[in-house]
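Peer 1: I have a structure here, written as C-alpha cells, and I will follow up with some questions on it.
The values are calculated or read from the model by the stated rules, or taken from the named source; none is laboratory data. Please read all numbers here as calculations on a predicted model, not as lab measurements. All Cβ positions, even for glycine, are placed from backbone atoms using ideal geometry, and neighbour counts span all protein chains on display. Side chains are part of the model used for accessible areas, which takes the heavy atoms of the whole protein and leaves out ligands, DNA and RNA. Shrake-Rupley method; radii C 1.70, N 1.55, O 1.52, S 1.80 Å.
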Amino acid sequence: MVCLGNICRSPLAQGILKNKVSSNIIVDSAGTAGYHIGNSPDPRSILIGEQNGINISHYLARKFTKKDFNNFSHIYVMDKSNYADVLTLTNSQEDKEKVNLIHPFDQEIPDPYYGNYEAFDKCYLLLNYSCEQIVKDLSLWT
Ligand code: 4NP
C-alpha cells in the first residue's frame, strides 16, 4: 500500500487489508516521500481505524524503495501522482505490472491530510471497498 506520506491513507489501507486476510499474507505500506519516516500514522487515521475495529497505532512510516519490487507481488497506490512516482523506480516490465491504483475502477483515493473528519471517513469507505475487491481478485479469503 503506497501513498505520499505513509501516515494517512496507506497505513489505513494496510490495516484494513490485514484485517481481511489470513495472517500468513504480508501486508505492508510505504510513502513515496520521506517527510514522515519513523512517524506514527496521523491521529485521524488511527481514530477512523479504531472506530472500525482496526488498530494501526503501532505502524511507523517508511519510504518506498526499489527493493519493494523484490519483496512484494502486488503494489497498490492511492492516486495517479503516487503511480507516477512509483513507476520512476521500476526496473522492468515485471515491476511495472505489479503497480495498480488500489480502487477497482481506478478512482483516486483523495489525500485527506488537509481535510476534515469527513475526508478521513470517505477515505476509509473507499479503502474498505477497494480492499474487499482485492480479497476477491486475489482469492485471499481467510
Ligand atoms: P498520505 O497523506 O499521503 O495519505 O500519508 C499525506 C501526509 C502528509 C503529507 C501529505 C500527504 N505532507 O505533505 O506532509
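Peer 1: Looking at region 117-135 only, could you name the residues that are of a type outside the set (K, R), free of Cβ contacts under 8 Å to residues at least 60 places away in the same chain and within 14 Å of the ligand (Cβ to nearest atom)?
Peer 2: Filtering region 117-135 for residues of a type outside the set (K, R) gives 117-121, 123-135.
Right, trim to free of Cβ contacts under 8 Å to residues at least 60 places away in the same chain and you get 118-119, 125-126, 129, 133.
If the condition is that a residue be of a type outside the set (K, R), free of Cβ contacts under 8 Å to residues at least 60 places away in the same chain and within 14 Å of the ligand (Cβ to nearest atom), then A119, L126 are the ones that fit.
Peer 1: Can you name the residue in region 12-41 that is polar (S, T, N, Q) and in a loop (DSSP other than H, G, I, E, B) and, of all such residues, is surrounded by the most Cβ atoms within 10 Å (Cβ to Cβ)?
Peer 2: Initially, region 12-41 is screened for residues polar (S, T, N, Q), giving 14, 19, 22-24, 29, 32, 39-40.
Applying the additional criterion that residues be in a loop (DSSP other than H, G, I, E, B) yields 22-24, 29, 32, 39-40.
Details: S22: 9, S23: 8, N24: 5, S29: 25, T32: 22, N39: 15, S40: 16.
Residue satisfying both the conditions and the ranking: S29.
Peer 1: Follow-up. In this structure, is S29 out of contact with any strand residue (DSSP E or B) (no Cβ under 6 Å at 6 or more places or on another chain), near the ligand (Cβ under 10 Å from one of its atoms) and under 19 Å from N100 (Cα atoms)?
Peer 2: So S29 fits the description; yes.
Peer 1: Within region 59-77, is even one residue outside any loop (DSSP other than H, G, I, E, B), in contact with a Phe, Trp or Tyr (Cβ under 8 Å, 6 or more places away or on another chain) and within 13 Å of the ligand (Cβ to nearest atom)?
Peer 2: Yes - at least one qualifying residue is present in region 59-77.
Peer 1: Just the residues that are open to solvent by 10 Å² or more (accessible area, probe 1.4 Å) and either hydrophobic (A, V, I, L, M, F, W, C) or within 15 Å of the chain's Cα centre (by Cα) (or both), please, taken from region 42-52.
Peer 2: Hits for region 42-52 are D42, I46, L47.
Peer 1: Is it true that some residue in region 68-90 is out of contact with any Lys or Arg (no Cβ under 7 Å at 6 or more places or on another chain), over 23 Å from K20 (Cα atoms) and acidic (D, E)?
Peer 2: yes
Peer 1: Taking the residues in region 95-115 that are without any contact (Cβ under 8 Å) to a residue 12 or more places away in the chain and away from the ligand (no atom under 14 Å from the Cβ) as candidates, determine which candidate is surrounded by the most Cβ atoms within 10 Å (Cβ to Cβ).
Peer 2: Here the residue is K96.
Peer 1: Scan region 120-141 residue by residue and report those that are surrounded by fewer than 16 Cβ atoms within 10 Å (Cβ to Cβ) and either part of a loop (DSSP other than H, G, I, E, B) or among the small types (G, A, S) (or both).
Peer 2: Across region 120-141, the qualifying residues are L138, S139, L140, W141.
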